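The next block holds one structure in the form of structure tokens; read it before the comments.
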Amino acid sequence: MSRALSRTIGSLLICLGLAIVPAAQAKNLPDPDAKATQPLPEHDPDAMLDGKTALEYAEDVSHEGGTKPRAALQALARMGVDALPARELVRAYADEGGPYTRGSKEDDDLKVNSLSVLAAMRAPEAEDLLRQKIMDPDYLTHDRSYEILLTASGQIGVDHDTLIQDMISLTETAPDHASRLMVMDALEAPVQSALHEAVFRTDHNQAATRHFLANLPALHFLNDAAKVDYLLAHRELAVRQRQQTQEALAGIGTDAALEAALQLDGDSGVERHLTISRFANGPMSLDKILDNLLAEARARSSRQDVGRVISSLESMVRDRTDDAGSQAERAEDLRLFVDAMGSLIADGPSDVHRVTGIQRQVLFLQRHEDAPLAPALDPVFDLFELAGSPAVQTAAARALLQSPARIAAGDPEYFVDRSLALLWTATTPELAELPVGLLSALMRSPDHVELVVNRIAEQVDDHQDGWSVNPATAVVTVAGTIGGLDFSSVREKAGGVMGKALASRALDMDYLGPHLARGGGALAVLESNSVEGVIAVFTPNVFAEEKPAQYGFSMESFMQPMLGRPAWLQRDPDSLETWIAFLEEVEALDDPDFSPTARQALQAWQ
């Protein structure tokens, strides 16, 4: 008989509503013979199905081979209580089997399916007979056959307390069979749990031990410490089934469980960070797992080893963020990685750790635009404000300069402000190189250029007499190289910054000159900047209260834009009026450096 037949009969019981009356709260062992003497349910002793009686179908079961026996049992199951006239013959099949070789798969199937038919016909002894056969270690040969009986016990409604009593009794009379049934995991949860505890309390065999090792989290009668102790007491077996054991330890999720897992994996040559990462699948908090991984990273010495640990950490966080139920949860998970790398950057035990932390932090920001920028980059920017390792600072600068605009996208105001904080403290071209590189890159981004120029324009007055005014001006002159900014407010403000730099006592033309040559011209001429922007270039020098004996730039080059007469200005009376008023004001100064050019320009407009 096939397993499919048993499943078919089980389905028939459910579909036809033929489950037997639930078992009583029996305290004794099963006694099917006593139950067989009870009155039978009401039925039709002469009932037929497709022209055959129940007895005729039962006789067909004894035919060896072919599909006839299976079809006969299916027909009896369909007849339900009306199959009771065949009860004794079906029970004989259930007790002794049929024409098949004892112990064969066919013999097991016949017995199992005959028990199912007895349940379908509501034979009074069906439940006790099923319980009895489950408890008999010699009744069936194949584990799968016992699994079917265990599943059937739940399907036909055998009381949990009754089954628990049966299983406990079995641990005393046939402990190996009790273990055999337990490892099948086919009983309903309350019964399985009770059987776990009963077998565990006995001197159980190796198969049971392997089962317990693989199912430690399910052993609710043990506390977590006892579970770990049990595993370590059977270390050799635990190593043999390492994957199951490690999954079980992760399911426990305590510090002791992690330490045990590390010991076992150490015996097998598994890297510690992989063991720690596996605990993300259990109840251990992500914070604690990250702390352990971070400690593991600190304990490594080579860049490759530190990187592998961080990769495990990032992979775990990525899995968490992918499964996050809300944006708030995702942000919290992203912050965990950011803080971990921040710790490694700030106080890693070596340059290797700090450099690797910087590189992975910046890479993480590139991959996750919604990662919190300030906590991620504060430790990186702080490196340049401290007397730290040059190698670490160089690595940080290279990482930041890889794609500044992409990194800044998450919080551009923060990125600009931190970059400017570095720029304003710069006293040499070398110190200015990083912030100028970062801000110049943002200047070339349509999303960020206005923010950069506005911030510099707002802050330049506080730094006009410091050397840093030169790199600040170098940044804004980039606006003069971008054609799409002609006559824009960005060009106007950039012109104002350039004008203040040209009037500064700290003007360094050796540094600033090449930048002015590339973009400064477009800020200073009416052909590409507004009247207000060009006036802003001239004003700080022309109207300075105290003027130097000698200027640090070519006066001829500086004054030349004042003579411009672009066609657009002639068509814009308001702008022309403003420009003429400016020229008249310069002429009125009677300044030998500026007034003659203003007078010449006015004459050209007359």
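The values are calculated or read from the model by the stated rules, or taken from the named source; none is laboratory data. Since this is a predicted model, take the numbers as computed values, not measurements. Here the Cβ is made from the backbone with ideal geometry for all residues, glycine too, and neighbour counts use every protein chain on show. The protein model used for the area step is the full one, side chains on, heavy atoms only, and it has no ligands, DNA or RNA in it. Shrake-Rupley method; radii C 1.70, N 1.55, O 1.52, S 1.80 Å.
Candidates in the range 18-44 are the residues that are of a type in the set (D, E, K, R) and either touching a Pro at 6+ places or on another chain (Cβ under 8 Å) or modelled with pLDDT of 50 or more (or both); of these, the one that is most open to solvent (accessible area, probe 1.4 Å) is Glu42. Among all residues of the range 135-149, there is at least one that is farther than 30 Å from Leu40 by Cβ, touching a helix residue (DSSP H, G or I) at 6+ places or on another chain (Cβ under 9 Å), in contact (Cβ under 8 Å) with a residue 60 or more places away in the chain and open to solvent by 30 Å² or more (accessible area, probe 1.4 Å). Do we find a residue being farther than 21 Å from Phe337 by Cβ and either surrounded by fewer than 19 Cβ atoms within 10 Å (Cβ to Cβ) or modelled with pLDDT under 95 (or both) anywhere in the range 366-379? Taking every residue of the range 366-379 in turn, none turns out to be farther than 21 Å from Phe337 by Cβ and either surrounded by fewer than 19 Cβ atoms within 10 Å (Cβ to Cβ) or modelled with pLDDT under 95 (or both).
Number of residues in the range 66-83 that are open to solvent by 40 Å² or more (accessible area, probe 1.4 Å) and either under 21 Å from Pro32 (Cβ atoms) or not charged (D, E, K, R) (or both) equals 4. Using the structure shown, decide if Glu556 is part of a helix (DSSP H, G or I), surrounded by fewer than 22 Cβ atoms within 10 Å (Cβ to Cβ), over 52 Å from the mean Cα position of the chain (by Cα) and modelled with pLDDT under 95. Taking the combined requirement at face value, the residue satisfies it.
Residues are listed down the side, and each one gets a yes or a no for (1) under 30 Å from Ala198 (Cα atoms); (2) among the hydrophobic types (A, V, I, L, M, F, W, C); (3) not in a helix (DSSP H, G or I):
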{"site": "Tyr57", "(1), (2), (3)": "no, no, no"}
{"site": "Ala71", "(1), (2), (3)": "no, yes, no"}
{"site": "Asp107", "(1), (2), (3)": "no, no, no"}
{"site": "Ser145", "(1), (2), (3)": "yes, no, no"}
{"site": "Ser153", "(1), (2), (3)": "yes, no, no"}
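For the range 219-247, residues that are open to solvent by 40 Å² or more (accessible area, probe 1.4 Å) and either part of a helix (DSSP H, G or I) or touching a residue at least 12 places away in the same chain (Cβ under 8 Å) (or both) total 16.
Kindly indicate whether any position in the range 334-356 is free of Cβ contacts under 8 Å to residues at least 40 places away in the same chain, among the basic types (Lys, Arg) and surrounded by fewer than 18 Cβ atoms within 10 Å (Cβ to Cβ). Looking through the range 334-356, none of the residues is free of Cβ contacts under 8 Å to residues at least 40 places away in the same chain, among the basic types (Lys, Arg) and surrounded by fewer than 18 Cβ atoms within 10 Å (Cβ to Cβ). Note on the range 248-270: residues that are small (Gly, Ala, Ser), assigned to a helix (DSSP H, G or I) and under 24 Å from the mean Cα position of the chain (by Cα) amount to 5. Residue count for the range 161-195 satisfying the condition of being under 41 Å from the mean Cα position of the chain (by Cα) and not aliphatic (A, V, I, L, M): 7. Please go through the range 559-578 and pick out each residue that is in contact (Cβ under 8 Å) with a residue 24 or more places away in the chain, assigned to a loop (DSSP other than H, G, I, E, B) and open to solvent by less than 60 Å² (accessible area, probe 1.4 Å). Gly564, Pro566, listed by residue number. Where residues in the range 181-215 are open to solvent by 30 Å² or more (accessible area, probe 1.4 Å) and touching a Phe, Trp or Tyr at 6+ places or on another chain (Cβ under 7 Å), which of them is farthest from Val228 (Cα to Cα)? Only one residue tops the list, namely Glu197.
Scanning the range 84-103 for residues being more than 15 Å from Ala36 (Cα to Cα) and either part of a helix (DSSP H, G or I) or of a type in the set (Val, Ile, Thr) (or both) gives a total of 3. Annotation note: Cβ proximity below 8 Å between a residue of the range 279-301 that is of a type in the set (Ser, Thr, Tyr) and a residue that is open to solvent by less than 80 Å² (accessible area, probe 1.4 Å) and in a helix (DSSP H, G or I) (sequence gap 6+ or interchain) occurs for Ser301/Val352. Residue check: Ala479 meets all listed conditions (1) in a helix (DSSP H, G or I); (2) open to solvent by 10 Å² or more (accessible area, probe 1.4 Å); (3) touching a residue at least 24 places away in the same chain (Cβ under 8 Å) but one, namely (2). Cβ separations smaller than 9 Å between residues 6+ apart or across chains give the following pairs from the range 57-85 residues that are of a type in the set (S, T, N, Q) to residues that are open to solvent by 20 Å² or more (accessible area, probe 1.4 Å) and in a loop (DSSP other than H, G, I, E, B): Ser62/Gly98; Ser62/Pro99.
State the number of residues belonging to the range 295-310 that are open to solvent by less than 20 Å² (accessible area, probe 1.4 Å) and either out of contact with any helix residue (DSSP H, G or I) (no Cβ under 9 Å at 6 or more places or on another chain) or over 15 Å from Thr275 (Cβ atoms) (or both). Residues in the range 295-310 being open to solvent by less than 20 Å² (accessible area, probe 1.4 Å) and either out of contact with any helix residue (DSSP H, G or I) (no Cβ under 9 Å at 6 or more places or on another chain) or over 15 Å from Thr275 (Cβ atoms) (or both): 3 in total.
Name the one entry in Leu422, Leu431, Leu451, Leu365 that is under 28 Å from Val490 (Cβ atoms), outside any loop (DSSP other than H, G, I, E, B) and either within 33 Å of the chain's Cα centre (by Cα) or of a type in the set (Ser, Thr, Tyr) (or both). Every option except Leu365 fails the conditions.
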